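**Student:** Following this message is one structure expressed as structure tokens.
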Amino acid sequence: MTIPGEQSLSLLQEIANWGNTTTIILHGGCVFEFKGHFPVGSMAEGFYNLKGESGFEGHLNLAKVNHIAFQDKVHRGKQSYALVFNDQDKQCIFKIFVGRTSEGELIESQVNRFKELQAEFTLES
């Protein structure tokens, strides 16, 4: 299931309140991974500017996000959930995964919210 890229801002603002997540950024054949709170951001000069206290910062051009996919699959033998932000060519720009506890278990409150959002957007479409 995918939703329009125009939903990026509201989703990112919500995810900033979830606690620890894992963000994967794909660029030039490289994979960058950040585990921790997704930073709060603000719009300025056409970018969603992340200002994280943990060192994770950046400038997201949300206009490049064409659609967002709800990913629900097993990865390396464990269930995983992610929001996948894709461009117009269906290429992944970045992913934000539901976080895990120190024991490697999914954070239940995030899984529940992920599924609630998925259901909400399904009803809207």
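**Student:** Of all residues in region 68-82, which are part of a strand (DSSP E or B) and at pLDDT below 90?
**Tutor:** Once the filter is applied, which keeps residues that are part of a strand (DSSP E or B) and at pLDDT below 90, region 68-82 yields only H75.
**Student:** Right, something else. Identify, please: which residue in region 81-125 is of a type in the set (D, E) and within 26 Å of F32 (Cβ to Cβ) and is, among those, farthest from the chain's Cα centre (by Cα)?
**Tutor:** E103
**Student:** Taking V65, is it modelled with pLDDT of 95 or more, surrounded by 11 or more Cβ atoms within 10 Å (Cβ to Cβ), closer than 22 Å to E6 by Cβ and touching a strand residue (DSSP E or B) at 6+ places or on another chain (Cβ under 7 Å)?
**Tutor:** Yes, satisfied.
**Student:** Go through region 92-107 and count every residue that is of a type outside the set (V, I, T), assigned to a loop (DSSP other than H, G, I, E, B) and either crowded, with 17+ Cβ neighbours inside 10 Å or free of Cβ contacts under 8 Å to residues at least 12 places away in the same chain (or both).
**Tutor:** Count: 4.
**Student:** Just give me the residues in region 1-38 being outside any strand (DSSP E or B), of a type outside the set (A, V, I, L, M), within 25 Å of K90 (Cα to Cα) and touching a helix residue (DSSP H, G or I) at 6+ places or on another chain (Cβ under 9 Å), in sequence order.
**Tutor:** G5, E6, Q7, S8, E14, F38
**Student:** Those residues that are surrounded by fewer than 15 Cβ atoms within 10 Å (Cβ to Cβ), part of a loop (DSSP other than H, G, I, E, B) and among the small types (G, A, S), I need them from region 40-60; list them, please.
**Tutor:** G46, S54, G55
The values are calculated or read from the model by the stated rules, or taken from the named source; none is laboratory data. Here the structure is a predicted model, which is why all the values come from computation and not from measurement. With ideal geometry, Cβ positions are generated from the backbone for all residues, glycine too; neighbour counts draw on all protein chains shown.
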